[in-house]
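Structure, as structure tokens:
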Amino acid sequence: MAKVTRVRSASPPDGGWGWMIVAGCFLVTICTRAVTRCISIFFVEFQTYFAQDYSQTAWIHSIVDCMTMLCAPLGSVVSNHLSCQVGIMLGGLLASTGFILGSFATSLKHLYLTLGVLTGLGFALCYSPAIAMVGKYFNRRKALAYGIAMSGSGIGTFILAPVVQLLIEQFSWRGALLILGGFVLNLCVCGALMRPITLKEDHSSPEKHCDHGKQREDCKQASPYSSLTKEWAQTCPCCSLQQEYGFLLMSDFVVLAVSVLFMAYGCSPLFVYLVPYALSVGVSHHQAAFLMSILGVIDIVGNITFGWLTDRRCLKNYRYVCYLFAVALDGLCYLCLPMLQSFPLLVPFSCTFGYFDGAYVTLIPVVTAEIVGTTSLSSALGVVYFLHAVPYLVSPPIAGWLVDTTGSYTAAFLLCGFAMIFSSVLLGFARIVKRMKRTQLRFLAKESDPKLPLWTNGSVAYSVARELDQKDEESMATAVPRCKLT
């Protein structure tokens, strides 16, 4: 394969070819996330054809989602060490093969391996690298770019849901899977659009990792050897991995990771059980599929409007809070769902849930980038989506087991709602604790040197707080003398 030519840029261009990257990512989200959601339309067909219960049939959707997220770090590795183009094209071939082989399935186990494992692996090689590429091309309009790119999931669901239902009626579920296999081959075209770019911060020297004070002097003394150090770091696998995944030790990222586990557990079952739940309360097949379409089209509105709004000056510093707000409201929607037992009541539910689902999905890469930076974004997104894997794997079968055991969807939906609310509360509590720590440091700095004005001490305390984030093992007693020395 010919060597990939990388575009060099001092900073993200915020336009130009970046809009083609957004278009490519848009198509990737259609072919991965929207198609995955539409697998739930096959749920009743699979259950009837193979004569299996809810929990056994739900494993198909769970395995696709799990493999997509579980292998997300693999997608990041392929993208970082080969190229984003190679990874996405390879993923498109694997995903298409999974759908085509799945159309010949004779048992659910066959579908677990083909439609589940193989297709999920292909989606994993495409999803996180495409999203990370958008972050490399945009900075000032990052949330808007992500909003447009991630809206492919909603638009794809809106269009594909009725189309897939029509394909099942015309060609049976086997023919529908075969046609979807040809459709996801478009991932190879998306991969061709992903022109790599090298930013200035990608070439940052080890000097930026040095501490303040005396260690800064040590960095200056070591500067003649910086080129040798950089070359050794690139050739040493352990050092390369440590530099690539150093964000795993950041306290902010650890809290985000834990909250993602609960959020992922809550968000997945709805896309599996919305159609079966609607059918169970007397909604027709076409109306149930239309609910998925509504969910998809409102998802688009949430993607784009939340992306645009959080790029405004008044909300740009509150993206974290907007993310918490969106996740919590989706949890509240879950709690109301068991009371909605007719099509006119399920339509506003689909609108509300779809809007805030699109909102927080757009902000996941934005919030992650604010925590780890652009250089580590691809690897960090790989880890974040990897953390979705286990909840995506177990939550639909657990929900199906609850439905089989209780004979109702109420327990399953309530558990999902409380999981999403807890995810939001956990992140909010962590942010409050962090601000209280900074406030305490500000007053400690003021007491340590009353001659300095309060705002100066505040900036000193803020820098100390950042050091505490990077070095959790240091105590506050050690941080206060640094204020005096400064």
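Remarks
- Enclosing the Cα atoms of the stretch 37-186 in their convex hull gives a volume equal to 103 cubic angstrom per residue.
- Computed over protein heavy atoms with a 1.4 Å probe, the accessible surface of the stretch 76-197 works out to 34 Å² per residue.
- Equivalent-ellipsoid semi-axes for the stretch 29-71 (Cα gyration tensor, √(5λ), whole Å, largest first): 21, 12, 5.
- Alpha-carbon spread of the stretch 118-204, three principal axes, descending order, Å: 56, 25, 18
- Mean projection of the Cα convex hull over all viewing directions, computed for the stretch 41-98: 4.7 nm².
- Of all accessible heavy-atom area on the stretch 319-366, the percent that carbon and sulfur account for (1.4 Å): 82
- Diffusion coefficient of the stretch 247-312 by Stokes-Einstein, Kirkwood radius over Cα pairs, 25 °C, 0.890 mPa s: 167 µm²/s.
- Relative packing of 269-275, 403-409, 39-45, 52-58, which averages over residues the other C-beta atoms within 10 Å, highest first: 269-275, 39-45, 52-58, 403-409
- When all alpha carbon pairs of the stretch 339-425 are counted in 5 Å bins from zero, the resulting P(r) reads 3, 11, 13, 20, 20, 14, 9, 6, 3, 1 %.
- Residue ranges 427-439, 131-143 sort as 131-143, 427-439 when ordered by packing (mean number of other C-beta atoms within 10 Å per residue, highest first).
- Segment Asp404..Ala192, full-extension length gain: 71.8 nm, with 0.36 nm per residue of separation and the alpha-carbon distance subtracted.
- Site pair Val254 and Cys314 shows an inter-label distance of 3.8 nm when each label is modelled 7 Å from Cα along Cα→Cβ.
- Spin-label pair Leu166/Leu82, simplified geometry with 7 Å Cα→Cβ offset, distance in nm: 3.6
- On the stretch 33-117, 68 percent of the accessible area sits on carbon and sulfur atoms, based on a 1.4 Å probe.
- The stretch between Val390 and Ala51 holds 119.4 nm of extra length on full extension. This uses 0.36 nm per residue minus the Cα-Cα distance.
The values are calculated or read from the model by the stated rules, or taken from the named source; none is laboratory data. The shown structure was predicted, so the numbers you read here are calculated from the model rather than taken from an experiment. Cβ sites come from the backbone with ideal geometry, for glycine too, and all protein chains shown count toward neighbours. Surface accessibility is based on the protein's heavy atoms, side chains included, excluding ligands, DNA and RNA. Shrake-Rupley method; radii C 1.70, N 1.55, O 1.52, S 1.80 Å.
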